[in-house]
Amino acid sequence: MGLRRTGPALGVNLACASNHCQARADEGKLSGVDPPRRRGDGQGEPAGTGRQRREEAGNPLRERSRTCKIPRMTSPSPVLRPYRPEDREALFDICVRTGHEGGDARHLYPDPGLLPNIFAAPYAALEPELAFVVEDGGRAVGYILGTADTASFVDRYRAEWLPGLAERHPAPVREPASPTERMTALMHDPERMIVPELADYPAHLHIDLLPTHQRAGHGRRLMEAFLAALDEQGVKAVHLGVLTANTRARAFYDRVGFHGIAVPDAGPVTYLGRSTQ
């Protein structure tokens, strides 16, 4: 705005000076005498002009006064918003890069679509109203998604989601021996999500943030949005499973109000739950 105010004023002053000089020149022509030339520091330069410029050039205060200060541009802050279909690629990327105890899992699973097709994509496809992302720089960098009713989700997963994966990821015919085989076995066994001890916590969720955006409050904001969406649907409680070895994730869940749920023979997983209010 400063430059816009100054521009017109400078234009007026220059115009006035030009008209004044032209008037003096015309006056000399009318009298038949050349207008007197004032002695200055340069050829045809008014007296003192060159000296003043040199003095001002050496005066830091004058130099500073002529400097236009441009405000520093800052990047927009990350925003939380509902998931959109165009976030799918970022969703897959986040899931894989946080799929090994919160860290990168790409070295464990040659197929980058395996983990997302179990733990992320089916939720975004079957219950998009419960999917939220944090966007930064035009791309999702974190998400939360889940289901309002685990039993209903299991039925829909088997009927609507799993058939589209069977050719790419056929069910194992032997005891799983590799990380890929173990995950493929989980893919084909959605009924494992129905745990009697979790009946009072019908909803469940998955939340992941890229390491660059962790510990900045985004996880809490995502959790609050998800819990509010569940509450609007009349869901009273939600659960999740976390690898017991992932102590950083467990500390986060403790901070946002989750508590342990005793489940016999839970293996490497710890189950947590809380109310939606």
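The values are calculated or read from the model by the stated rules, or taken from the named source; none is laboratory data. Keep in mind that this is a model prediction, so the values were computed, not measured. Glycine gets a Cβ as well: all are built from the backbone with ideal geometry, and neighbour counts include every protein chain shown. Protein only, heavy atoms only, side chains kept; ligands, DNA and RNA dropped before computing areas. Shrake-Rupley method; radii C 1.70, N 1.55, O 1.52, S 1.80 Å.
For segment 151-166, enumerate the residues that are touching a Leu at 6+ places or on another chain (Cβ under 9 Å) and open to solvent by 10 Å² or more (accessible area, probe 1.4 Å). Of everything in segment 151-166, those that are touching a Leu at 6+ places or on another chain (Cβ under 9 Å) and open to solvent by 10 Å² or more (accessible area, probe 1.4 Å) turn out to be 156, 160, 161. Across segment 229-251, what is the total count of residues that are in contact (Cβ under 8 Å) with a residue 24 or more places away in the chain, open to solvent by 40 Å² or more (accessible area, probe 1.4 Å) and not β-branched (Val, Ile, Thr)? Here the count works out to 7. For segment 182-225, the set of residues classified as hydroxyl-bearing (Ser, Thr, Tyr) and at pLDDT below 95 consists of 212 only. In contact (Cβ under 8 Å) with a residue 40 or more places away in the chain, open to solvent by less than 50 Å² (accessible area, probe 1.4 Å) and within 25 Å of residue 195 (Cβ to Cβ): which single residue out of 142, 102, 113 fits that description? 102 is the lone residue from the list that is in contact (Cβ under 8 Å) with a residue 40 or more places away in the chain, open to solvent by less than 50 Å² (accessible area, probe 1.4 Å) and within 25 Å of residue 195 (Cβ to Cβ). At pLDDT 95 or above, open to solvent by 20 Å² or more (accessible area, probe 1.4 Å), within 25 Å of residue 247 (Cα to Cα) and in contact with a Pro (Cβ under 6 Å, 6 or more places away or on another chain), is that true of residue 119? Judged against the criteria, residue 119 is not a match. Take the residues of segment 210-228 that are among the charged types (D, E, K, R) and part of a helix (DSSP H, G or I): which is least open to solvent (accessible area, probe 1.4 Å)? In this case the residue turns out to be 221. How many of the residues in segment 125-139 are open to solvent by 60 Å² or more (accessible area, probe 1.4 Å), within 8 Å of the chain's Cα centre (by Cα) and over 11 Å from residue 90 (Cα atoms)? Residues in segment 125-139 being open to solvent by 60 Å² or more (accessible area, probe 1.4 Å), within 8 Å of the chain's Cα centre (by Cα) and over 11 Å from residue 90 (Cα atoms): 1 in total. Filtering segment 74-99 to residues that are open to solvent by 40 Å² or more (accessible area, probe 1.4 Å), under 18 Å from residue 205 (Cα atoms) and aliphatic (A, V, I, L, M) leaves only 80. All of 112, 122, 163 fail the test of being in a helix (DSSP H, G or I) and within 26 Å of the chain's Cα centre (by Cα), apart from 122.
Figure legend. Inter-residue proximity from segment 173-186: first residues farther than 10 Å from residue 114 by Cβ, second residues open to solvent by less than 60 Å² (accessible area, probe 1.4 Å) and outside any helix (DSSP H, G or I), beta-carbon distance below 7 Å, spacing 6+ or different chains. Indicated pairs: 181/172; 182/176; 185/172; 185/176.
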